[in-house]
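The values are calculated or read from the model by the stated rules, or taken from the named source; none is laboratory data. None of the values given here were measured: they were computed from a predicted structure. Neighbour counts run over all protein chains shown; Cβ positions are idealised from the backbone, glycine included.
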Amino acid sequence: MIGRNVIGWNVIGRGCRMASARFALQLSDRLYASWQVARRALISTLYSPGIYVISTLTLLAASTLVLNNLAFLSENGLLVLTRPFFLPAFVCGVILSLYLSLHATLQLVREREQGTLKVLLFGPVDGVSFLLGKLWSHSILYGLAAVMVVLWAVVLGQMTNLLVQVDLIGVMGLGLLANGGIVALGLFVGAWGRTARTSLIVLALVLLLALIAQFGDQALVQMINQGVGQANRQDPVRFLRAALDGLHGLILWLSPLAQMSRGMDALLVADGAALLWRAGAIIGQTALYFFGAAWALKRGGP
Amino acid sequence: MNHKLLNHKETKTQSKMCLFFCLFVSLWLLSLSLPVSAQAPERREAFVWATAVFAGVQYESTFTPPDSDTLYLLADANHVLAPRSTLVYDWSITNRLLADWPARNELVDGTLVLHNSTGQKERLEITDYVIQFDGDAPAETLALHKGQEALAQYAVFDQARQAYATALHAQFQLEQDYQAALTAAAQAATKGEALAIPDGPPPPLPAFTRYSTGVKRAFVLNLPVGEYTLWLEHPDGTEEPASRKHLHVFAPRRYGVGFNVVPASKWTVPELSDDPRNALYAQSGSTIYLQPFAEFEVNELAYGRMIDAQAKGLQEDRFVWVHTTPYPDVTLQIIQGRQVVAGAANQPYFVRQRPGASLGYSIEEFDPATEKSPNFYGYRVTLDEAARIQLVNGDGQPVMGSQRDIRPIRTVDRWVVYALSLLPLFIGGVVLLWRRRRVEPIPQQ
Amino acid sequence: MFDTPKPSGIMSVIAEVENEDRFYLDPFPSHPALLMQPGATPLIRTEQLCKRYGSFLAVDNLNLHVRPGEIYGFLGPNGAGKSTTLMMILGITRPTSGRVEVLGQPFDGTSFALRQRLGVVAEDAWQYDEMTAYEYLAFFARLYHVTKPGSVIQARLERLDLWERRHLLVGGYSRGMRQKLNLCRALLHDPELLILDEPVSGLDPNGIRQVRELLVDENRRGRTILISSHILSEIEQTAHRVGIIDRGRLLAEDSVAGLAARLGGGQRIELELSAPASDLSHLLVAQPFVQQVVEQTPTRWLIVCTEGDDVRPELARFLVGQGTLVIGMRQVESSLEDSFVTITNAAVRAWTERDWAERDWVERDWAGV
């Protein structure tokens, strides 16, 4: 009996060792393949004007915010600010993430439509490594743009004497994570959509829904508090508000940007635990969308 | 093929049905609002916890609605929890549950049972309490007395109030005497008689600024940080069903010094600096006046729900600063590098309007000889170079959380800032040109 | 106990396909036959492979074997299930049932190591238009861990006359150039097994010749090649063996010559009539010297006759007797196209005549086709 057990455990042990060795091999193959996919996609994007145009637009938006602060100061004579470049950096991060998300969706759908994905899958690339490659490339693109934003902030800080502190890098790092989540969401939508148009429309709708949930709720609260309309217990506005309230709560747990915003609050008050929690939530969201995308890609085929 | 067509048709039919269903539900919801819009809110009997909580500088009262399952209290401070039976109703205009206290406000008798997270149980009895403070310095004099002390303090207050009433009466009498003497003097004067003119009116009594609630009955809690469960046990040993709540007792995250920053150029529009990480920016050469106050930072959700149990839009991972008392007189230091380059003391200032059409003003040091009272007090700082300020106490020790960066801003042309934003476009242009030179052009067909 | 009568004609081909122990390779003098040893493990082996899309059966119990060192032509009309089969072999599409072995190992598309040993050219020239040809190949060279990628890329591009255009964006390539580039990409990493789907489509005659020579060379160096194509002349010139698939079933599998031999082995006479005469075909089939009539066009027929003496005089007499004006009559050699047309036409005719629910008849009754 004991002998049989020992043999059984040996077999199981050997099986586990083989499985883990196979997993490690697959993992290294996948990482290598994803890096090559990322490298190609990255170079391809850097050789097209889109990323430069959008980076310029984000910096223009950020500049407007900084100039607004300076205008306030010249009018009021005083400006009290904790981190003058936090909000501009956040705006840059949001615009860049939205663009990169759309870009990732389009890239995925195009590769599918044009058949280049199929050619990759004939070789040592699978759905997971392909998606991972896209995630990497878009994260690196974000990273490059983030470096540009930090450089811009440093130069502008020198010019204006506005304080640029080290934790600006923290904001961009948090943005990098959130960007991963948003790009994964884009890949998720792209993997489900069969055409570029459908995917883009769906992604735009999802983002719009998030915005409505985030700001519509607040607008309704204000409206009700100001006593607009005949409100009562059965008022449909209340139902709508309750629905938006619920949606808002849901979006908070589904939107990496909402988590990033909370993470920035944590960064502002130097709350390390909350920051880690938010970062973890973003990583969780990214994983959710990523594996959703991988599953959709496997199910739908190239 | 037919099968596919059939599926397609089915899907279309299902979509139509779904659309009609949504339309129907929307119309139904809208129709609900029409007949009931003029109805008065329905009142219903409910058990609530009415609270008077110490919010850092004063007591705030609220009540916890039956559907709310958590109470929030600040640690190591006296708070009042009163078990009450009242009538509640929905007030949709503000989307809140309100209590009709005048209609019913009954104390529910019983014992408060308190469980902490380690399982320890404590029982509290209802006790008398009063809340008192002096209006001249409410934050410094605020006190909650309970039990016999409450009765004694209320008696003291009552005595003082009566003494004040007596003094007021005497003052009134003196005032009347004075008026009578004046009248008599005037009459004597008309008759040509000589009569002594009274010296002057009696000095006015200082205002009675002490305040006290009546002696009331409730539970008074003072707990350390932790998670608790509480409920009310009736005298017969049964639990009041709606009384069981989770109690979250929290402490401030940190303490600090906030500043009201008054710019000399616009003294009526001060800015607030709560966070020690704030930097104060101003034009180079401008002057600011700093008014420090003590503060502490608490969780937004916990604090907000503590002072208003139905507050919405609060976030559990955000923190807010609660301002308490003006900071006692200390010295302000201006530091550059590691060296203290200047200091400032808390001084009174007077704002003098300039005569003429210029409509300007100047802020001057207050001179009691020429002016009645100062417009404000503050520490005066002139911004010439980037520096750091901090408060130091009588022992020369820096006051925690009082540090701020002050920075004069350099003016930059907005077009220069926009031009700087074109950096990525420039880099992109270089990369694309380089790429174009490396790639063979596509032959024209 | 009893001698089973040996099937003849197409039936013999089908019967051998169904036989697991079959071996009927026709040695191809220009190829290393030694690699194609009987009993060698097939590099591609499918067992009872099925793919069903809803109620449509795209691939039906397919048993395919590609042996080491051979060039295997995989033929079938449009929609026969070729691409679906290839996609299942490559692990892109998951089979509904059945089993695929590639390079001697079960393959479901997840093994990176196995995929490294495959070279694939798809029918459509799917490439990244924004890359130059060199960049494109360099990307795949890195992906496949090619050592000294520069020289390998140069050799591959030079072989197919693309080296001069290496810095041109792929978007500017013609369809033929793209196809050549695809082939370069598939051969970059010296794969053991090449799977080519329509590798010469879009190529000019020179290009076709170049690719044909390249494939033969690669095969001489020991590479096994599976070609799916509808250009039958190409397959005829390069393949050792062919498999013909229609409606998801493998109808025949043999060498080109073997297929022709098994299609009756009789004389093949091409008739050109002055006018269509559809009733005549039934009468012709009833003649003892006629085995089969294939109407290539309404006025051009291929008559498969019995082996032995020249039957042309007899055929001419019969036609004249029927009052048919014959414009031309010539004896033709059996080609792969003939085999393909004969087999697929026969199958189509049989399928349309029979109830779908009883499709197992194919193996039983085909002798009468």
Of (1) at pLDDT below 85; (2) under 30 Å from B:Thr287 (Cβ atoms); (3) among the aromatic types (Phe, Trp, Tyr), A:Trp9 satisfies every one except (2)
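Identify the residue in region B:431-445 that is more than 7 Å from chain A (Cβ to nearest Cβ) and within 26 Å of A:Leu144 (Cβ to Cβ) and, among all such residues, is surrounded by the most Cβ atoms within 10 Å (Cβ to Cβ).
The qualifying residue surrounded by the most Cβ atoms within 10 Å (Cβ to Cβ) is B:Val439.
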Restricting to region B:313-367, and then to whatever is within 14 Å of another protein chain (Cβ to nearest Cβ) and free of Cβ contacts under 8 Å to residues at least 24 places away in the same chain, can you tell me which residue is nearest to B:Phe293 (Cα to Cα)? B:Val320
Output the strands (runs of 3 or more DSSP E) that fall wholly within region B:298-396 and possess 3 or more residues being over 25 Å from B:Ala137 (Cβ atoms), or say none. B:331-336, B:339-345, B:347-353, B:361-365, B:376-382, B:387-392
Hey, B:Leu223 over 30 Å from A:Ala71 (Cβ atoms) and either of a type in the set (A, V, I, L, M, F, W, C) or surrounded by 15 or more Cβ atoms within 10 Å (Cβ to Cβ) (or both) or not: yes
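Quick one: which of B:Ala251, B:Ala282, B:Ala242 is under 29 Å from A:Leu268 (Cβ atoms) and over 23 Å from the mean Cα position of the chain (by Cα)? Before the answer, list the steps.
Details: B:Ala251 fails: over 23 Å from the mean Cα position of the chain (by Cα); B:Ala242 fails: under 29 Å from A:Leu268 (Cβ atoms).
B:Ala282 is the lone residue from the list that is under 29 Å from A:Leu268 (Cβ atoms) and over 23 Å from the mean Cα position of the chain (by Cα).
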All but one of (1) of a type in the set (A, V, I, L, M, F, W, C); (2) modelled with pLDDT of 90 or more; (3) out of contact with any strand residue (DSSP E or B) (no Cβ under 8 Å at 6 or more places or on another chain) hold for C:Ala133; which doesn't? (3)
Of a type in the set (S, T, N, Q), surrounded by fewer than 18 Cβ atoms within 10 Å (Cβ to Cβ), within 13 Å of another protein chain (Cβ to nearest Cβ) and out of contact with any Lys or Arg (no Cβ under 8 Å at 6 or more places or on another chain) - does that describe any residue in region B:385-403? no
When only residues in region C:76-127 that are among the basic types (Lys, Arg) and crowded, with 19+ Cβ neighbours inside 10 Å count, which is farthest from C:Pro42 (Cα to Cα)? C:Lys82
Please work out if C:Leu203 is part of a strand (DSSP E or B), modelled with pLDDT under 90, in the same structural domain as C:Gly119 (by TED's automatic domain parsing) and over 16 Å from C:Arg67 (Cα atoms). no
Residue under evaluation C:Leu114, criteria (1) without any contact (Cβ under 8 Å) to a residue 40 or more places away in the chain; (2) within 14 Å of another protein chain (Cβ to nearest Cβ); (3) among the aliphatic types (A, V, I, L, M); (4) closer than 20 Å to C:Gln179 by Cβ, criterion not met: (4)
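Being touching a residue at least 40 places away in the same chain (Cβ under 8 Å), away from chain C (no Cβ under 14 Å) and closer than 30 Å to C:Arg185 by Cβ, is that true of even one residue in region A:159-166? Break it down stepwise before answering.
Step one: list which residues in region A:159-166 are touching a residue at least 40 places away in the same chain (Cβ under 8 Å), which gives A:160, A:162-165.
Then keep just the ones that are away from chain C (no Cβ under 14 Å); that gives A:160, A:162-165.
If we keep only those that are closer than 30 Å to C:Arg185 by Cβ as well, we get none.
Looking through region A:159-166, none of the residues is touching a residue at least 40 places away in the same chain (Cβ under 8 Å), away from chain C (no Cβ under 14 Å) and closer than 30 Å to C:Arg185 by Cβ.
Could you check, for region B:266-281, whether at least one of its residues is in contact with a Pro (Cβ under 8 Å, 6 or more places away or on another chain), modelled with pLDDT of 95 or more and not in a loop (DSSP other than H, G, I, E, B)? Spell out the reasoning first.
Narrowing region B:266-281 to residues in contact with a Pro (Cβ under 8 Å, 6 or more places away or on another chain): B:269-271, B:279, B:281.
This time we only want the ones that are modelled with pLDDT of 95 or more, so: none.
Within region B:266-281 (the criterion being in contact with a Pro (Cβ under 8 Å, 6 or more places away or on another chain), modelled with pLDDT of 95 or more and not in a loop (DSSP other than H, G, I, E, B)), the answer is no, since none of the residues qualifies.
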Residue check, B:Gly378 against (1) surrounded by fewer than 17 Cβ atoms within 10 Å (Cβ to Cβ); (2) within 14 Å of B:Thr287 (Cα to Cα), all met but one. Which one? (1)
Just checking: which of the strands (runs of 3 or more DSSP E) contained wholly in region B:66-114 hold 3 or more residues that are farther than 18 Å from B:Ile307 by Cβ and either modelled with pLDDT under 90 or not basic (Lys, Arg) (or both)? B:79-91, B:105-107
Out of the residues in region A:30-79 meeting the condition of being assigned to a helix (DSSP H, G or I) and of a type in the set (Phe, Trp, Tyr), tell me which one is nearest to the other protein chains (Cβ to nearest Cβ). A:Tyr52
Right, C:Lys82: in contact with a helix residue (DSSP H, G or I) (Cβ under 9 Å, 6 or more places away or on another chain), of a type in the set (Lys, Arg) and touching a residue at least 60 places away in the same chain (Cβ under 8 Å) or not? no
Do we have B:Glu122 as free of Cβ contacts under 8 Å to residues at least 24 places away in the same chain, over 19 Å from the mean Cα position of the chain (by Cα) and under 21 Å from B:Glu240 (Cβ atoms) here? yes
Hey, can you tell me all the residues within region B:96-116 that are of a type outside the set (A, V, I, L, M, F, W, C), out of contact with any Gly (no Cβ under 8 Å at 6 or more places or on another chain) and in contact (Cβ under 8 Å) with a residue 40 or more places away in the chain? B:Arg96, B:Asp100, B:Arg104, B:Asp109, B:Gly110, B:Thr111, B:His115
Do we have C:Arg94 as charged (D, E, K, R) and within 14 Å of chain A (Cβ to nearest Cβ) here? yes
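When only residues in region B:412-430 that are within 13 Å of A:Val66 (Cα to Cα) and part of a helix (DSSP H, G or I) count, which is farthest from the other protein chains (Cβ to nearest Cβ)?
Taking region B:412-430 and keeping what is within 13 Å of A:Val66 (Cα to Cα), we get B:412-418, B:420-421.
Checking which are part of a helix (DSSP H, G or I) leaves us with B:414-418, B:420-421.
Numbers: B:Arg414: 5, B:Trp415: 10, B:Val416: 7, B:Val417: 5, B:Tyr418: 6, B:Leu420: 6, B:Ser421: 4 Å.
Step by step, filter region B:412-430, then rank; the result is B:Trp415.
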Only one of these conditions is not met by A:Ser129: (1) outside any helix (DSSP H, G or I); (2) within 14 Å of chain C (Cβ to nearest Cβ). Which number is it? (1)
